[in-house]
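Just below is one structure, and these are the notes that go with it.
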Amino acid sequence: MLALPASVLLLGGEELLLLGGNVTLVGDPDGSSVLDAGKESRVLHVAGGRLLLLGVGILGGNARSGAGGALLVKGDNASVALEGGRISGSEASQGGCVAVVGGAFVQMKSVILTAGIAQYVGGGVLVYGSSLVMEGGRVENCSVTFSSSNQPASGGGVSLVVAGNATLTDVAITNCTVTSALSQAEGGGVHVDKNSLLVMEGGTVVRCTAHTGYNPVYLASAYGGGVSVAGGSATLRNVSFLECTSTSVTSSACGGGLMVGRGSTVTMVGGRVEACEASTSYTKTSVYGGGMAVNNGIATLTDVAITGCIAQTGNNAFVYGGGMAVNNGVATLTDVAITGCVAQSVQYSSVYGGGMWVDDGNTTLVNVTIADCNAAADQAFGGGIWVLARLIMEGGRVENCAAIAITQCASGGGIELDGGNVTLTSVTIAGCSATSRSGSCTNGGGINMLAGSMTMKDGQIKNCKALYGNGGGMEADGGVVRLQYVNITACVAGYAGGIGARQSATLRFLSCAIIDCTGNLPNPIIQPPQVEGTAIYILAATGVQLNDVTLRGSLPATGSPLYLQRYTAPYVSAAKLVIEMISCAPAITTRATASPLALRNLKIKAPAAMPRRCWPSRSRYCVAVRLTIPLSPPIPCIIPAAWTLNASTSPFLRSLSSPTH
């Protein structure tokens with residue numbers, strides 16, 4: 001054991017080399033014992049044996065084109081243990097402060113690594129085919145600045161490559177950056193390469209950045225402002241990512257907080273991803289996952305909060321997933337909250353998924369809450385979730401989310417389904433909206449569906465809006481929709497306050513209620529208020545089945561709860577359909593009907609005392625059913641207090657029966 005004096009020891013251009021044996025260096029208790037290479041050489045090189053440093057500072061190392069500016073530990077027989085002390089102001093080609101290579105082992109306890117600079121990988125620490133254990137301490141203000149096009153820059157704080165392993169417990173990684181002008185930048189805080197393993201217990205990753213500069217030739221992308229896992233594995237327990245960013249000038253930016261790349265596996269339990277951002281400023285670029293991105297990898301999150309994250313870009317670009325983006329990956333989220341996240345763009349752009357974007361692959365959400373998230377741009381789709389994949393959601397909520405269009409269309413305030421297979425069980429969608437500042441098309445305040453298949457069971461859609469458009473609760477323009485034991489309440493739109501269907505949609509409803517919805521929301525910009533389809537509006541569909549369904553509009557109401565504009569084979573059928581009348585509007589209105597309409601066990605309930613103005617002598621149309629097509633003989637207008645209509649039509653209503661006329 002060698003006790004160092006309480007002073008700065010200058011090395012004079014020669015590194016200290018250990019080839020074998022056991023050596024212990026003890027610094028002064030006040031931390032004033034420092035080994036300083038003065039930027040003339042590396043400070044320490046351990047090629048064999050075991051070195052123990054207690055309270056020793058290491059300063060001013062320079063490995064030039066080599067590895068480990070302050071400390072290089074190399075070989076199966078080399079190990080170093082450090083307790084206390086600071087390693088600072090050092091630089092190297094790889095591993096600005098420390099490099100652990102060739103099967104070596106390093107253990108640090110309460111050590112601070114600061115102001116390390118590397119040209120290629122590991123601004124603070126490089127672990128290459130070796131192992132690092134770090135307890136407490138900090139890695140701060142370290143960086144990788146890269147200008148070659150041959151390989152990516154990675155790991156502003158820590159880089160694990162070629163089966164490198166690291167266990168970090170209660171470690172703070174702060175203000176670390178990786179920057180590249182000619183190639184991609186990966187992992188502002190930590191990078192985990194192929195076959196490498198990271199385990200983090202507690203700790204934080206704060207204000208770390210992966211950044212690529214302007215280069216119109218190489219179009220370099222940035223991945224993982226906090227942590228990037230590219231072919232390796234990471235287990236994160238109670239780790240917090242705060243204010244991390246992934247930015248690119250000329251290409252894509254992915255995963256402001258965390259990036260899970262191809263062939264990677266990440267498990268995160270507890271912790272949070274907060275105020276992280278993925279952004280670009282160039283035209284025709286893409287941004288994925290302000291908080292987290294999964295690209296051809298596997299991510300499992302339990303009890304994690306993703307909050308206040310942003311994915312954004314400049315002109316004429318695309319944004320995917322303000323909180324989280326999943327592209328052809330496998331994601332399983334349990335008890336996760338994605339809140340206050342935004343996908344946005346300046347102009348001439350499209351954004352998808354304010355809270356979450358899922359394209360291909362398999363995603364499972366269990367008791368997940370997505371709330372207060374927005375997608376906002378010229379075109380905006382999926383304020384809460386955008387889906388073109390297999391998605392299973394069990395329990396949980398999508399609430400107070402919005403798709404907001406500036407000049408064009410917005411759809412799917414809660415969920416936008418553009419294809420794939422989606423199953424929602426015991427899910428509540430509440431307070432979501434699709435809006436357009438220009439008054440253009442807005443569809444599906446709660447859910448908008450263009451293709452694929454969706455089954456919703458034991459759920460609710462309530463208080464959702466499609467301002468000026470179609471489907472306050474849901475709009476289905478294609479695909480197959482199956483609703484079982486679903487209540488849609490207090491939703492509003494221009495057409496179809498509850499549910500609208502157009503084009504090639506197929507609808508199957510079992511034991512559902514659509515009540516207190518309004519289909520006459522005014523559009524003061526481009527058209528007068530609409531009045532039809534307060535509960536269901538069918539413009540066109542390939543098939544509609546309503547079994548054990550209750551419909552009721554809301555006051556003031558001037559439109560029919562069930563409005564059939566046009567429909568195609570096989571037919572519209574209803575069994576055990578209850579329509580509760582609350583105004584003088586017909587319970588059912590049909591127009592331009594070209595296919596069979598089958599009604600079985602239809603019950604239309606009217607108030608005990610209908611207003612006098614609703615009686616036939618004061619109205620041209622029948623209060624119960626209105627067919628605005630030629631029909632001979634005409635249906636009599638019947639206004640009982642409560643009655644049942646049994647009708648079978650082919651192609652139109654042919655018989656009516658009622659206890660009173």
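The values are calculated or read from the model by the stated rules, or taken from the named source; none is laboratory data. Bear in mind that the values here come from a model prediction, so they are computed numbers and not experimental data. Here the Cβ positions follow ideal geometry from the backbone for every residue, glycine too, while neighbour counts run over all protein chains shown. Accessible surface areas use protein heavy atoms only, side chains included; no ligands, DNA or RNA. Shrake-Rupley method; radii C 1.70, N 1.55, O 1.52, S 1.80 Å.
When only residues in segment 405-422 that are more than 17 Å from the chain's Cα centre (by Cα) and not in a strand (DSSP E or B) count, which is surrounded by the fewest Cβ atoms within 10 Å (Cβ to Cβ)?
Ranking the candidates gives THR407 first.
I want to confirm something. Restricting to segment 53-94 and keeping residues that are part of a loop (DSSP other than H, G, I, E, B) and hydroxyl-bearing (Ser, Thr, Tyr), which single residue is most open to solvent (accessible area, probe 1.4 Å)?
Once the filter is applied, the top-ranked residue is SER65.
For PHE241, all conditions in the list (1) in a loop (DSSP other than H, G, I, E, B); (2) modelled with pLDDT of 95 or more; (3) among the hydrophobic types (A, V, I, L, M, F, W, C) hold save one; what is the number of the exception?
(1)
If I ask for residues that are in a strand (DSSP E or B), at pLDDT below 85 and among the hydroxyl-bearing types (Ser, Thr, Tyr), which ones from segment 538-572 would you list?
Within segment 538-572, TYR563 is the sole residue that qualifies.
Could you list, in sequence order, all residues of segment 466-491 that are outside any loop (DSSP other than H, G, I, E, B) and buried (at least 20 other Cβ atoms within 10 Å of the Cβ)?
Residues satisfying the conditions are ALA466, LEU467, TYR468, GLY469, ASN470, MET474, GLU475, ALA476, VAL481, LEU483, ILE488.
Look through VAL26, VAL46 and report the one residue that is among the β-branched types (Val, Ile, Thr), open to solvent by less than 10 Å² (accessible area, probe 1.4 Å), out of contact with any helix residue (DSSP H, G or I) (no Cβ under 9 Å at 6 or more places or on another chain) and modelled with pLDDT of 95 or more.
That would be VAL46, the only listed residue that is among the β-branched types (Val, Ile, Thr), open to solvent by less than 10 Å² (accessible area, probe 1.4 Å), out of contact with any helix residue (DSSP H, G or I) (no Cβ under 9 Å at 6 or more places or on another chain) and modelled with pLDDT of 95 or more.
Could you check segment 162-184 and list, in sequence order, the residues that are modelled with pLDDT of 95 or more and buried (at least 24 other Cβ atoms within 10 Å of the Cβ)?
GLY164, ALA166, LEU168, VAL171, ILE173, CYS176, VAL178
When the residues of segment 423-465 are filtered to those that are open to solvent by less than 40 Å² (accessible area, probe 1.4 Å), assigned to a strand (DSSP E or B) and out of contact with any Leu (no Cβ under 8 Å at 6 or more places or on another chain), which remaining residue is nearest to ALA541 (Cα to Cα)?
Among them, the one singled out is SER453.
Please enumerate the residues belonging to segment 159-180 that are among the aliphatic types (A, V, I, L, M), within 28 Å of the chain's Cα centre (by Cα) and either assigned to a strand (DSSP E or B) or over 17 Å from VAL127 (Cα atoms) (or both).
LEU160, LEU168, ALA172, ILE173, VAL178
Looking at segment 121-131 only, could you name the residues that are in a strand (DSSP E or B) and surrounded by 24 or more Cβ atoms within 10 Å (Cβ to Cβ)?
Scanning segment 121-131 gives VAL121, VAL125, LEU126, VAL127, TYR128.
For segment 307-322, state whether one or more residues are touching a residue at least 12 places away in the same chain (Cβ under 8 Å), closer than 20 Å to GLU394 by Cβ and buried (at least 24 other Cβ atoms within 10 Å of the Cβ).
Checking segment 307-322: not a single residue is touching a residue at least 12 places away in the same chain (Cβ under 8 Å), closer than 20 Å to GLU394 by Cβ and buried (at least 24 other Cβ atoms within 10 Å of the Cβ).
Quick check on this structure: which one of GLY75, GLY57, GLY13, GLY95 is within 30 Å of ALA153 (Cα to Cα), modelled with pLDDT of 95 or more and either touching an Asp or Glu at 6+ places or on another chain (Cβ under 9 Å) or of a type in the set (Lys, Arg) (or both)?
One residue alone meets the criteria, GLY57.
Restricting the first residue to segment 8-29 and requiring it to be free of Cβ contacts under 8 Å to residues at least 60 places away in the same chain, which pairs with a second residue that is of a type in the set (Asp, Glu) and open to solvent by less than 40 Å² (accessible area, probe 1.4 Å) meet a Cβ separation below 7 Å and a spacing of at least six or different chains?
VAL8/ASP36; LEU9/ASP36; LEU10/ASP36; LEU11/ASP36
If you go through segment 185-195 one residue at a time, do you hit one that is open to solvent by 20 Å² or more (accessible area, probe 1.4 Å), among the acidic types (Asp, Glu) and part of a loop (DSSP other than H, G, I, E, B)?
The answer is yes, given that some residue of segment 185-195 is open to solvent by 20 Å² or more (accessible area, probe 1.4 Å), among the acidic types (Asp, Glu) and part of a loop (DSSP other than H, G, I, E, B).
Name the residues in segment 261-306 that are under 15 Å from the mean Cα position of the chain (by Cα), β-branched (Val, Ile, Thr) and assigned to a loop (DSSP other than H, G, I, E, B), would you?
If the condition is that a residue be under 15 Å from the mean Cα position of the chain (by Cα), β-branched (Val, Ile, Thr) and assigned to a loop (DSSP other than H, G, I, E, B), then VAL304 is the only one that fits.
Looking at ALA337, ALA325, can you tell me which residue is touching a residue at least 60 places away in the same chain (Cβ under 8 Å) and hydrophobic (A, V, I, L, M, F, W, C)?
That would be ALA325, the only listed residue that is touching a residue at least 60 places away in the same chain (Cβ under 8 Å) and hydrophobic (A, V, I, L, M, F, W, C).
Consider GLY323 carefully, then state whether it is in contact with a strand residue (DSSP E or B) (Cβ under 6 Å, 6 or more places away or on another chain) and at negative phi.
Criteria met by GLY323.
How many of the residues in segment 388-436 are closer than 15 Å to MET474 by Cα and of a type in the set (A, V, I, L, M)?
Number of matching residues: 12.
How many of the residues in segment 264-292 are touching a Cys at 6+ places or on another chain (Cβ under 9 Å), closer than 16 Å to VAL326 by Cβ and either open to solvent by 10 Å² or more (accessible area, probe 1.4 Å) or hydroxyl-bearing (Ser, Thr, Tyr) (or both)?
2
Restricting segment 479-519 to residues that are polar (S, T, N, Q) and on the phi > 0 side of the Ramachandran plot, which is modelled with the lowest pLDDT?
My answer is GLN503.
Matching residues to (1) in a strand (DSSP E or B); (2) surrounded by 24 or more Cβ atoms within 10 Å (Cβ to Cβ); (3) touching a Gly at 6+ places or on another chain (Cβ under 7 Å):
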position: ASN328; (1), (2), (3): yes, no, yes
position: ALA331; (1), (2), (3): yes, yes, no
position: ILE338; (1), (2), (3): yes, yes, yes
position: GLN344; (1), (2), (3): yes, no, no
position: GLY383; (1), (2), (3): no, yes, yes
position: TRP386; (1), (2), (3): yes, yes, yes
position: ARG390; (1), (2), (3): yes, no, yes
position: MET393; (1), (2), (3): yes, yes, no
position: ALA403; (1), (2), (3): yes, yes, yes
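Would it be correct to say that GLY203 is open to solvent by 10 Å² or more (accessible area, probe 1.4 Å), over 24 Å from ASN327 (Cα atoms), under 25 Å from the mean Cα position of the chain (by Cα) and in contact (Cβ under 8 Å) with a residue 24 or more places away in the chain?
yes
Would you mind stating whether ALA153 is over 38 Å from the mean Cα position of the chain (by Cα) and hydrophobic (A, V, I, L, M, F, W, C)?
Against the criterion (over 38 Å from the mean Cα position of the chain (by Cα) and hydrophobic (A, V, I, L, M, F, W, C)), ALA153 does not qualify.
Is it fair to say VAL249 is touching a Phe, Trp or Tyr at 6+ places or on another chain (Cβ under 6 Å), at pLDDT below 95 and either among the charged types (D, E, K, R) or open to solvent by 30 Å² or more (accessible area, probe 1.4 Å) (or both)?
Yes.
Considering each residue of segment 95-112, count those that are part of a strand (DSSP E or B) and in contact (Cβ under 8 Å) with a residue 40 or more places away in the chain, and give that number.
1
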